[in-house]
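A short write-up of the structure that comes next.
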Amino acid sequence: MLIDLFSIRRTMKETFDTFSLELEPQYGEKSFTFAPGQFNMLYVYGVGEVPISISGDPTRHKSLIHTTREVGTVTRAMRKLKVGDTLGVRGPYGSSWPVEKAVGCDVVIVAGGIGLAPLRPVIYYILSHREKYGKVVLLYGTRTPEDILFRKDLEKWRGRFDLETHLTVDRATGSWHGNVGVVTTLIGRAPFDPLNCMAMVCGPEIMMRFTVLELQKRGVEDGKIFISMERNMKCGIGLCGHCQLGPTFVCKEGPVYTYKNLKDVFLKREM
Amino acid sequence: MKNSMVVIVERKDFQNLFDVLSKRGYQISGPTLRDNAVIYDNISAVEDLPVGWTDHQEGGRYRLEQTNKKSLFACVVGPHTWKKILYPAEHTFIQVKRNGSKLEITSAEKKPPKSALIGVRPCELHALAIYDKVLKDGPYPATSYLQRRQDLFIVAVNCVNPGGTCFCASMNTGPKATSGFDLALTEIINNDRHYFVVETGSKLGADLLKEIPNKEAGIEETQTADKALQKAAARMGRTLDIKGIHDLLYRHFDDPHWGEITKRCMTCGNCTMVCPTCFCVNVEDTTSLDGRQAERLRKWDSCFTVGFSYIHGGSIRATETSRYRQWMMHKLSYWQNQFGTLGCVGCGRCITWCPVGIDITEEAAYFRKNDK
């Protein structure tokens, strides 16, 4: 289990409780390759290690971006790190979104809250190979307007003619003039061909569950719906056993699964 | 091994095995008596074995008894497993030094001594083969396990006296060792004669045997051993019908019977600690008081703890019922998906060492009986 040392090049506050870190390797090759949807194990000296999905652009290899919410001891310590500080990195691990398989298809991306972070690499990737895909739709829902991640990106994406972006919030606050309601309400009228599309879904499990139902209603096959799961990961390489989800290890077979493969497991409580 | 050879080693010459292994630089581990139980530890002579002792095992019960016979291997498996040596309960694998804002990360893996295990039971050989699949054959093998496994010398012991909670015969993992050993012994005490029928399982085993006084096995001697093992297979303490067990348990995932089991289960995790195939570990980071050094440790963990499945917001398996179900279904169902084999070898430890005597064979039988 080798740990590579990276320096923090930039820190970004995304919302009141989420932040991004841009990292660059301290030694060796100054590049990092990953597939959209994969994660790294990030180590804060003396505190511990946590799995964090990669949220940066997979076509740019010079730096590495992770976005995370402050939820525990390690992420709390991580947030306090400053530019120039050192972080340990192992990875990339896990399965990835089907960006290659989706070539020639419409792409529907449905994200809830911080679930947009592991999907952002997909959007970057598609936009830099835009001619290879059909219609591309991004549906993004958060609890409140204050929870919206990557505002600058979203503003840019909303301005594009080749990307359909729709946002919604569960609860409107302040000067919000957009959609109100859960993200699943956007699926029914989203412009994509259900018979020739790939759906990529990431968010809380309850959100993914109802998103799958809506996609199925539109006629999307279970084998073309992809979801990303989260479980406790201590090693990231299939040895510690913590991330087991029924017959699979989320760090090996996941985090990205086709709904078809996970169906029997996904709906079982406490599996 | 095709060219396996069967010989006889008399009891009086048995110490030679220890001497030859020591001479060749092996650290020998084997069963020995401690605190009224047979455990695995470093041993150097025949006298360190539980000479003359036998065990009585039942659900939640373990007792030793001294007999008139001077058997060396009349006790079956105790609370320890070989993972104690091959995948230690606590192991530091990374060291980090901090100098200002710079970190230096180094591996803390040290080359372990060459190890010889004496008294590995057939079920335990199967457990080792399963451990190999989990820790050695994947894309990211566990370094410390690889190192310890590499130079291992294994002296297996066939089980002529199965214990009360044993069910290897129904799991096809015993009572006779078929592969994965260097030497395999069957201990026979016949009237006044005490000897071992020794089968070689590797070139190294055959080579080592040259230095131990032995003679070719006669038909009568091998037949005695074979008969004893056949008899042993017929008087296992328990059985577990594994036919279709994978789907059987899936069909009963929502069975209220899991809740009935956990009325007794205290989620203490004993079953996972004594299990020879349970491999789950936690990873912990510690720092020295002055903050200049940190270490990363691996420690055995158990799926019976609430923290095991914790992610932000709570544990995935918050109820005791879900945790017992996870353990049993992992052993008998999920393991098959994950590694193409069962995760249970029928050693019976989880039954013996469960403080309330929950019995995996009994619970599996319940689901089978109530299967529509």
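Please treat every number below as a calculation from the coordinates, not as lab data. Since the structure is predicted, the reported quantities are computational estimates derived from the model, not experimental observations. Ideal geometry is used to build each Cβ from the backbone, glycine not excepted, and the neighbour counts take in all protein chains shown.
Among residues other than A:V212 with Cβ under 13 Å from its Cβ, the summed charge is +2 (Lys and Arg +1, Asp and Glu -1). Counting charges near A:V169 (Lys, Arg +1; Asp, Glu -1) among other residues having Cβ under 11 Å from its Cβ returns a value of -1. Computed over Cα pairs, the Kirkwood radius of the range B:245-369 leads via Stokes-Einstein (0.890 mPa s, 25 °C) to a diffusion coefficient of 155 µm² per second. With a sphere of radius 13 Å drawn around the Cβ of B:A294, what net charge do the other residues whose Cβ falls strictly inside it have (Lys, Arg +1; Asp, Glu -1)? Once positives and negatives cancel, what remains is -2. For the peptides B:346-359, A:170-183, residues were scored by their other Cβ atoms within 10 Å and the scores averaged per peptide; the highest-first order is B:346-359, A:170-183. Computed over the Cα atoms of chain A, pair by distinct pair, the Kirkwood hydrodynamic radius stands at 19.0 angstrom. Partner lysines whose Cα lies under 18 Å from the Cα of A:K152, excluding those fewer than 8 positions away in the same chain, are identified as A:K13. In order along the range B:193-209, the phi-based Karplus estimate (6.51 cos²θ - 1.76 cosθ + 1.60, θ = phi - 60°) of 3J(HN,Hα) comes to 9, 10, 8, 10, 8, 10, 10, 8, x, 7, 4, 4, x, 5, 5, 5, 4 Hz; Gly and Pro are listed as x.
With contacts taken as Cα pairs under 8 Å and at least 6 residues apart, the range B:15-170 reaches a relative contact order of 23 percent. Counting only residues at least eight positions apart within a chain, or on another chain, the aspartates and glutamates with an alpha carbon under 12 Å from that of B:K84 are B:D41. All distinct Cα pairs of the range B:181-263 go into the 1/r average, and the inverse of that average, the Kirkwood radius, is 17.0 Å. Charging the Cβ of each Asp and Glu at -1 and of each Lys and Arg at +1, and nothing else, the dipole of the range B:245-369 about its Cα centre rounds to 140 debye. Across every pair of different alpha-carbon atoms, what Kirkwood hydrodynamic radius in Å does the protein assembly as shown reach? About 27.4 Å, per the Kirkwood formula over Cα pairs.
Working value for the range B:283-346: equivalent-ellipsoid semi-axes of 31, 17, 9 Å, each the square root of 5 times a Cα gyration tensor eigenvalue, largest first. Return the single residue from A:K101, A:K13, A:K132 with maximal mean-square fluctuation; model: Gaussian network over chain A, springs between Cα atoms under 10 Å. Ranking A:K101, A:K13, A:K132 by mean-square fluctuation puts A:K101 first. Across chain A, the relative contact order, built from alpha-carbon pairs under 8 Å that are at least six residues apart, equals 18 percent.
In the frame of its principal axes, the range A:156-271 has Cα extents of 47, 37, 27 Å, reported largest first.
Computed from the alpha carbon atoms alone, the convex hull of chain B holds 167 Å³ per residue.
For the set B:K263/B:K331; B:K69/B:K203; B:K110/B:K136; A:K234/B:K331, the pairs lying more than 28 angstrom apart at their alpha carbons are B:K69/B:K203.
Restricting attention to chain A, give the cysteines that have no other cysteine Cβ less than 4.7 angstrom from their Cβ. Lone cysteines by the Cβ rule: A:C105, A:C197, A:C202, A:C243, A:C251.
Mean silhouette area of the range A:12-82, derived from the convex hull of its C-alpha atoms and averaged over all directions, reads 4.9 nm². Using C-alpha pairs under 8 Å with a sequence gap of at least 6, the mean separation divided by the residue count of chain B gives a relative contact order of 22 percent. Inter-chain Cβ neighbour count for B:307-319, averaged per residue, equals 5 (cutoff 10 Å, partner chain atoms only).
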